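Laboratory data are not the source of any read-out in this text; all were calculated from the coordinates shown. Bear in mind the structure is a predicted one, so any value in this text is a computation, not a measurement. All Cβ positions, even for glycine, are placed from backbone atoms using ideal geometry, and neighbour counts span all protein chains on display.
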């Protein structure tokens with residue numbers, strides 16, 4: 001049976017872009033005779049709030065969506081992510097980097113003084129540090145001292161463990177898409193204060209929940225390369241992916257949770273109906 005999921009983060013109110021994604025998941029699940037599950041991605045304890053989760057449930061119910069219970073909340077399953085991370089660590093695929101974000105910015109600026117520094121598909125500079133080369137005893141001493149750190153995937157070592165990767169795409173560029181995880185460099189998989197990243201948590205969750213189809217916005221298209229790599233390294237199944245168009249504002253920018261004019265609760269307060277929202281997102 002097909003299994004679809006809608007997985008918002010409770011760090012703001014849902015907007016029209018979320019409505020499009022949720023409605024597509026709902027309709028595709030229904031058309032295939034499958035299931036729709038709801039996952040709350042609340043790893044970021046500094047931004048996620050219970051009131052936003054309550055608003056998400058209210059907005060989705062107002063749209064007429066139904067999902068299976070219980071709802072999975074990532075914050076309740078941190079041990080699942082720790083276990084996956086430990087598997088990668090035992091294989092020598094993860095290392096701690098101790099640079100702060102400010103230090104990384106300075107390193108990038110120094111590299112760019114000699115020419116362009118590579119950037120990932122989202123436009124962020126690749127990790128420029130040398131933490132991968134730190135001696136084991138130096139790493140152990142700094143960890144024991146309680147220094148802040150980010151656990152990074154050793155991309156070169158990881159790629160050496162797998163062959164060519166691809167995913168099945170039914171949305172953008174429909175067909176078999178070649179993955180290019182190297183474009184992301186040594187991505188962060190966890191931090192001292194946060195036991196997982198989005199990349200790691202999402203592949204673990206999808207596997208544990210038996211998700212067969214991932215339907216999400218095109219802004220996450222190339223993130224699938226990292227997800228396919230982690231799935232291969234952890235021996236997890238690969239869902240079918242469907243990346244859909246984004247809803248953009250008048251200036252062509254993708255919608256953000258800070259854009260009150262597009263928040264579903266604001267539209268509802270103005271008297272709009274779920275049918276109006278469907279028309280607004282092109283359904």
### Query
Say R0 is 25 Å: what FRET efficiency, to the nearest 0.05, do residue 156 and residue 120 get from their beta-carbon distance?
0.95
### Task
Please order 81, 149 by the number of other Cβ within 10 Å, starting at the fewest.
149, 81
### Query
Counting only the backbone N, which residues of the stretch 49-65 are under 14 Å from the spot 7 Å out from the Cα of residue 283 toward its beta-carbon?
59-65
### Message
On a full-extension model of 0.36 nm per residue, what is the gain between residue 276 and residue 219, subtracting their alpha-carbon distance, rounded to one decimal in nm?
### Response
18.0 nm
### Query
What does a probe at residue 265 reach in the stretch 38-53, counting residues whose amide N is under 20 Å from the point 7 Å along Cα→Cβ?
39-53
## Note on the structure
Exposure proxy check on 247, 56: fewest-to-most Cβ neighbours within 10 Å is 247, 56
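So if R0 is 35 Å, what FRET efficiency would residue 91 and residue 1 give, r being the distance between their Cβ atoms, rounded to the nearest 0.05?
That pair, residue 91 with residue 1, gives E of 0.60.
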### Query
Does anyone have the angle between helix 50-63 and the longest principal axis of the chain? Alpha-carbon axes, 0 to 90°, nearest 10?
40
### the chain, helix-only ellipticity at 222 nm - DSSP H runs n ≥ 4, -39,500 (n - 2.57), divided by all residues, nearest 500
-11500 deg cm²/dmol
### Task
Can you grab the distance from the C-alpha centre of the stretch 35-67 to the C-alpha centre of the stretch 189-245, Å, no decimals?
19
### Task
For the chain, give the share of DSSP beta bridges that are antiparallel, in percent and rounded to the nearest 5; count only bridges with both residues there.
50
### FRET efficiency estimate (nearest 0.05) - Cβ-Cβ, residue 111 to residue 62, R0 41 angstrom
0.25
### Task
Label the stretch 74-230 by shape, choosing from rounded, prolate and oblate, from the square roots a ≥ b ≥ c of the eigenvalues of the Cα gyration tensor; if a/c is under 1.5 it is rounded, and otherwise prolate applies when a/b is larger than b/c, oblate when it is not.
oblate
### Nitroxide proxy distance, nm - points 7 Å out along Cα→Cβ at residue 251 and residue 78
3.8
